[in-house]
Structures are given as structure tokens and as C-alpha cells.
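Below: one structure, written as C-alpha cells.
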There are 4 protein chains.
Amino acid sequence: MATGATPYPILAVLGPARASAEECAVAERVGAAAAAAGWVVLTGGGPGVMEAASRGAVAAGGLSVGILPNAAAAPPYPNPWVMIPIFTGAGSARNAFNVLSARLCVAVGGGPGTLSEIALALKAGVPVWCWRSWRIEPSPDSSPPLPRVFASVEELLAELHRHLASDSTSNIERLND
Amino acid sequence: MATGATPYPILAVLGPARASAEECAVAERVGAAAAAAGWVVLTGGGPGVMEAASRGAVAAGGLSVGILPNAAAAPPYPNPWVMIPIFTGAGSARNAFNVLSARLCVAVGGGPGTLSEIALALKAGVPVWCWRSWRIEPSPDSSPPLPRVFASVEELLAELHRHLASDSTSNIERLND
Amino acid sequence: MATGATPYPILAVLGPARASAEECAVAERVGAAAAAAGWVVLTGGGPGVMEAASRGAVAAGGLSVGILPNAAAAPPYPNPWVMIPIFTGAGSARNAFNVLSARLCVAVGGGPGTLSEIALALKAGVPVWCWRSWRIEPSPDSSPPLPRVFASVEELLAELHRHLASDSTSNIERLND
Amino acid sequence: MATGATPYPILAVLGPARASAEECAVAERVGAAAAAAGWVVLTGGGPGVMEAASRGAVAAGGLSVGILPNAAAAPPYPNPWVMIPIFTGAGSARNAFNVLSARLCVAVGGGPGTLSEIALALKAGVPVWCWRSWRIEPSPDSSPPLPRVFASVEELLAELHRHLASDSTSNIERLND
């Protein structure tokens, strides 16, 4: 008799509601790569980078979760590619929830909300990979963990593929298999 | 080209970490019924009623989400049947999140935490069905919506089957199909 | 040299935004009694019972704190008698915060939001006194702490005066002394 | 007859639990300056910079509020200089609440938690002044508001005095007058 289910590994994609076409294209590839490797893609559930990552996940046959700041649907939250919308009504406090469930966060672009999520991930000890996102330098008296910064999309995706494949704790088959 | 994914309908099962064998058996049947109808089963992710409902969902080939009060795994949170653990670190504030995402809440047994979730669901306009849970009467000056109380398990499950089947907004196939 | 400040004891007044004149009158007396005894009065910061309790506290020379569901002022939140508005943007999740800081909660009237606060206070082990509020009975399998129910205003206020005066941990002078 | 109370203006002091002696000395002066001008000093309620700012406020005859991540007292939260402890149990989600209530945030030093608060303040449109804190540069596609960075303590305090005095919305007398 089974004694439990194996939880899905979760990749959080962080990024702004207003994003450039290039940022969205990268986010979509990140979401697709995660889903293809059997990971669930989690975002803040809104437009822009969040929508692109979710669309990538769904197109690759995966599962997209959105952790929403609002208490009920109010366009553009959730975006049309969120399969499991988790409404919190918690406003920006939900930024903390976005990162705690993730094994890895990938930030693509970003305004202040994304910066807060990068910081909250670092605080929680969740690794953060950045492409075209904030450049940050800690205070002189502090030496916290810092994000890993990728200069090229190709390098980001190559590393991501390696990382997703090597994470041995995931034994979940792809959803649509 | 697709313009979006259809979100899963979500059933939240509310109930205590310390539950009787009978309460757990009922919660497991509720979780299984929801999963069999293509709904995602959402709980607070802990032991007792939450674990039983999640186990029922997984056994029926469905998907279980747990919205956890803690910021990282700390037994007995999440229970072994949570497939998508959402860590919040928000303590009892997460009780509000448990109900906002649900189309229907079913409360089985319950201590004060369950009562708070019943109340928060009523406040949010989410219907609540109760079996062996709190009996509540509002203040003389207030006439809020109240839970629907079921005296028998059979009646609860029969109504639940009807309700789950008739919810036409769900067109998602079962996960393992 | 001083080694610290003594924290104010906090009384939370719980109750609905839409309240009867009698409920508001009672809440105002509760707020005034607390302030007169050197306690800070904490509410959800809105209209109705929350406003009346805050007004009572201010009129008695005390201090009123409001824990607001919104992220910024949006009438009727905060009400005009909140001296220290704490904006959370957390929606109904802030109901959990309203009770955790209190040594005693007094519920006057109430809809579902008040019920959730009563339940969250019971869960946190904070004593709750009720007047004209919810009548609740736990599930057959559970025996949680329950609120203390007062049938008469006079009895409520007499007990409150006794309780506020006997709480020896407060040595703060009234604010306007 | 009075129609309301004037809310206190609130200064939030952001900074790490582990802080250098110099950072603490600066935070204490910031807290004292705010209190002397009739502002309430709000912090996350912990040790380090938070404690120093609270101590400065109390020593100057003012009021200190702490928004705590925990649900109940657990040393070193709250620090001994918090006069109004607001327990949230919300973990890092409380970082969002720390900044929403403030008219001005001053960050002194800082690890990832402080960075998240700086970011959340920028997102909410609350001005942030930094001394020895994070240096941040937004993504190439984004131009969010940025903190004001002070190189010298003297300049920070001079500007702070000017700002606190010129904020005409505060007509509250100092607490101990």
C-alpha cells in the first residue's frame, strides 16, 4: 500500500507584469523547460513575464500555479494560463509565498515587486537565477547570499536544463503522459 | 492557437489536525469524490482530516494542493499526500487563503481553526457544507449566509456527487487519463 | 540606565462594520474603559463597532490602533478615530493579526468576519468575551476553549473593569497624563 | 464635538537583526529624531537596527511600534523597546506590512530582509532613504522609483530633521507633553 505521493518540484518564475517581448519569450522558454522536466511552474499569476511562463508550461504539457494578490478574479489576475489559481487577497504579502515553495527561482526582468521576491528568496535560502533583472550589491556590513546572474539566454537555458534534469528528488511523470 | 488553459475547479476540505477515525474516513471519501470528478482538492496540508482528504484525492488519480502555515517542511506539515505544497509561513493567516480559491468548502469535524475557515468562507461568499462540524448562530443584529449542515454522510456524499458533476465550468480531464 | 520599555496591554474589540446603535454604544464604552485603564484599544480599523471602540478610546485619552485590510487609506478604512493605522493590504488574512496581539478580545455583535476573529482568538489561546455576538457549539469530537458569553451589558462592563484593573503587568500611565 | 483623531505620522526604520555598532548608533539617532518630531517609529520589532531605532524613540519620549513575524513573544522578538507589539505570525510576509503604514522609510545597513522591505516600499510608492544599505540597479527594461542614497550620516540626519519638521499633516503633540 502506498504511503504517500511525491510532491512536484516547483520552479518559480519571477518577473514584472509589464515586460518586453524578449523578456516574455525567455520566460516562456523557462516555463516550457521546467514543465518538460516534470516541474510545476509557479508564478504570481499576473500578465507579462508571469503569463508567458505559465503559457510555456501549459504548452509543454505541464502544470501552472498562480499565487494571486487578489481575493477573487480581477483581470489581468489570473492570466489565462494559470491552471491552479490560489487566491490570497494578501496583496504584496503574497510575494513572500511565491518563493517559499520553490526549489529554484528564475527572475526575468523586473520592477520593485520582482526585487522583493528576489530578496525574499535569498532570505529563505532558495537559489535565484537572474536574467536581465536587478543588479544588487549588499551593504558593506553584510554578506548575504546573492543571485546568480546570467548574461546570455543560451547559458541560462543550458544551465536550467542541466539543473532540472539532475534534480533526483522528482520522480513524477509528465502530466499528460 | 489556444488562448488559455481552463483552471481546475477547486474543492477545499476543512477540518482538524486531530480527527476521529470516522471523520478521516468521511474526508477521504470527499477527497476521492472530488478528484474523480476532475476537481483539485485543496487543504491546509496537515494531518487528520487534511491528510485523509488528500489521500483520497491521490488514490482517485487526482491532484492535492496543501496551503501550509509554515515556511518550510516541518512534520506533520505537509502530510505525505500533498502533491503541490504551497508554503506561506503565514501561520493562521493562511486560513484565509484556504477558502478563497475554492468553489465549495466541505468541513468535517473541527476545532477553532476550522471554525475560522468556515467563517472566512462565508465572508467571501464561498458555499460551505458541514458534517459533524460547528453549529453556529449569528448575532441577533446580523443575518449572514450560513453553512449547509448535513446530518448523514450518505446525504453529504450524494449531494456532493450531484454538485461536482453539474459544475459545467470544468472541462478538464482527469489527470491520469 | 533603562533596559526597556513596558509594552502596553492591548484590548482588541471585534465587531462588524454594519452595527446597530446599541452595539456601537456598547463598543464605545468598552473602548473607553480600556483606555481609562491604560490599555491600548486595537480594532480592524473600519466603521461600525470598530469605529465606536476607537472613538471611546480616544475620548478617554487613550490610544487606538487599527489593523487595516487595505494597503492604503480607502474610506471607510481607516475610520476617523484610528490614531495608529497599520496598513497590511492582506485582506481577510489580517483578521488573524487582530487577535494575536491582544490580551483580551471583546466581541460585540458580528457577521462572518467577527466569527473568524473569535475563532482565531480561541485558536491562539486569547480569551474572548462576547456580547450579542455568535453562539457557537463545537463539533462532537472536539472540545476547544469557548468564548465567555455575557447576557447583560452591565455584567460585561463590570467584569471588564475588574479585569483591566487587576492586570498587574501594565504600569504605563495614561497617555495624556 | 470632535469628529476624529489625527493619525500619527509613521517613520519606518528598516535594517538587519545583526548590525554593526555604527549602524545601531545611526538607527538610534534616526528613531530619536522621529520621536522628537512627534512621529511614531515603526520597525520589524527585532534586535539590531530595529531595537536601536525603538530605543531611540522611547528615550526621546516617543512611541515605538513593532510588527512582528511571530505569533507570540519569542526572544529576541519583540525587542525590549517595543511599546506596541503587533504580532502577525505571518513570517516574512510581514515585511510588506512594515512599509505600507510609513510616510517615510529609512534603511540602515541590511541583509535580504531589508532589501525586500526597500523593494516593497518602492512598489507601494513610499519614499526610502538609505545609509550603508543595498546598492541596487533596476533591469534594463524597467525604470522604477529608486531609494535616495546618503553617503554621510550628518547629511541623512539633517535632511531627516528638515523633512520631519516640514510634514504639515502632523499636529500631534509629543506624547509626554
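Quick one: which residues, 5 or more positions from A:Trp134 or on another chain, have an amide H under 5 Å from its amide H? H modelled 1.01 Å from N in the peptide plane, none for Pro or chain starts.
Sorted by chain and number, the residues that satisfy this are D:Ser139.
Determine which lysines satisfy two conditions relative to C:Lys123: a Cα distance under 22 Å, and not lying fewer than 8 residues away in the same chain.
C:Lys123 reaches B:Lys123.
Using modelled amide H (1.01 Å from N, peptide plane; none on Pro or chain starts), what sits under 5 Å from the amide H of C:Phe87, excluding residues fewer than 5 places away?
Residues meeting the criterion, in which the H sits 1.01 Å from N, are C:Leu68, D:Ser101.
State to the nearest 20 debye the size of the charge dipole of region C:73-148 about its Cα centre, where the only charges are +1 on K and R beta carbons and -1 on D and E beta carbons.
160
Using the 7 Å Cα-to-Cβ label point, sort the distances from D:Arg162 to its equivalents in the other copies shortest first and give them in nm to one decimal.
The answer, with the shortest distance listed first, is 5.2, 6.0, 7.3 nm.
If packing is taken as the average count of other Cβ atoms within 10 Å, what order do D:107-114, D:137-144 fall into, highest mean first?
Values: D:107-114: 27.9, D:137-144: 16.5.
The packing order, highest mean first, is D:107-114, D:137-144.
If you scale each eigenvalue of the Cα gyration tensor by 5 and take the root, what three semi-axes come out for the protein assembly as shown, rounded to whole angstrom and sorted largest first?
In descending order, the three semi-axes are 40, 35, 19 Å.
What list of ³J(HN,Hα) couplings, whole Hz, do you get for region C:58-75 from phi and the Karplus terms 6.51, -1.76, 1.60, once you set θ to phi - 60° and write x for glycine and proline?
Result, rounded to whole Hz: 5, 4, 8, x, x, 10, 10, 10, x, 9, 9, x, 8, 8, 7, 4, 8, x.
I need the phi-derived Karplus couplings for region D:38-55: 6.51 cos²θ - 1.76 cosθ + 1.60, θ = phi - 60°, integer Hz, Gly and Pro marked x.
x, 8, 7, 9, 10, 9, x, x, x, x, x, 4, 4, 5, 4, 5, 5, 4
If the label for A:Arg135 sits 7 angstrom from Cα along the Cα-to-Cβ line, what are its distances to the same label in every other copy, in nm to one decimal, shortest first?
Distances between equivalent label points, in nm: 1.0, 6.9, 6.9.
Between region B:12-35 and region D:86-123, what is the C-alpha centre distance in whole Å?
Going from one Cα centre to the other spans 39 Å.
Quick note: the coordinates plus some simple rules give every number you see, no bench work behind them. It should be emphasised that the depicted structure is a prediction, and the values quoted were computed from it without experimental measurement. A quick note on method: Cβ atoms are made from the backbone with ideal geometry, for glycine too, and the neighbour counts reach across all protein chains shown.
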